[in-house]
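The values are calculated or read from the model by the stated rules, or taken from the named source; none is laboratory data. Keep in mind the model is a prediction, meaning the values are calculated, not measured. Cβ coordinates were reconstructed from backbone atoms using ideal geometry, including for glycine residues, and neighbour counts include every protein chain displayed.
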Amino acid sequence: MRRIFFFTVVLGLQLIGLRGYSQWKTYIISPKGDTLNCVDGKDLKQGRWVNHFDEVRGEPGYEEEGVYKDSKKEGTWRIYDLMGDLTGVEYYRWGMKDGAQQYFGMNGSLLREENWRAMNPDKQYDTVQVALVDKLDSYKTVVVKNEGAAIKDGTWKFYNPATGMVDHTEVYTLGKLEKPGASSATTAAANAPQTAAKPKEVLEFEKKAGKKGKKYQDGSTY
């Protein structure tokens with residue numbers, strides 16, 4: 001009786017497992033026992049996936065992992081090089097990049113930050129609120145035609161891999177480059193103290209007084 005009971009329980013568990021997998025047309029089992037890379041009866045990718053890409057024509061290979069919903073990427077996806085180091089973190093909505101994306105170099109140093117806006121595929125046109133570049137906390141309503149792809153929207157930052165500092169930035173509004181970024185060297189030069197130009201009246205007075213080219217005290221400190 002005990003053996004009959006044992007085999008009945010085992011058979012029941014197997015049937016439950018088969019019933020769980022029967023909804024998938026194809027899938028794989030990870031070394032940890034997780035069900036990955038599922039394709040349903042409609043040939044749509046579902047759930048957790050790991051994609052592997054070999055090196056092609058000099059471009060390095062990589063792996064990416066995340067979640068598919070009806071063959072569209074959804075939520076957070078992580079990118080790794082073939083050595084297993086994290087090289088990117090992306091966020092998707094409706095199968096398109098949406099919000100902040102980050103990309104890393106050696107030793108985990110941040111190389112680039114991007115910002116994207118995904119468009120609702122159910123709408124031919126979408127109405128969005130856009131921040132005004134020249135007015136703080138001010139917005140305008142813009143009607144955008146859906147071209148079926150994500151668009152650049154927000155601040156993009158590019159980092160110097162040697163220093164980790166921001167090298168330059170770019171600001172986009174619904175795909176339009178609003179503010180081309182200056183390099184850190186240009187920004188530093190622009191922020192350096194500048195000697196104010198002398199008023200015309202002062203120059204004329206110095207000329208008449210015969211002091212042109214002589215040193216004088218202008219209130220600055222040394």
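Numbers below:
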| quantity | calculated |
| --- | --- |
| Residue that is modelled with the highest pLDDT [pool: residues in segment 2-51 that are at positive phi and exposed (fewer than 10 other Cβ atoms within 10 Å of the Cβ)] | D43 |
| Pairs where the first residue, in segment 44-59, is under 12 Å from L82 (Cα atoms) and the second is part of a loop (DSSP other than H, G, I, E, B) and not polar (S, T, N, Q), C-beta under 7 Å, 6+ apart | F53/G61; D54/G61; E55/G61 |
| Given (1) aromatic (F, W, Y); (2) surrounded by 11 or more Cβ atoms within 10 Å (Cβ to Cβ); (3) farther than 30 Å from I79 by Cβ, number of the condition F158 does not satisfy | (3) |
| Segment 112-145: number of residues that are in a loop (DSSP other than H, G, I, E, B), at pLDDT 85 or above and either touching a Ser or Thr at 6+ places or on another chain (Cβ under 9 Å) or among the polar types (S, T, N, Q) (or both) | 2 |
| From G47, G33, G75, G88, residue being in a loop (DSSP other than H, G, I, E, B) and among the small types (G, A, S) | G33 |
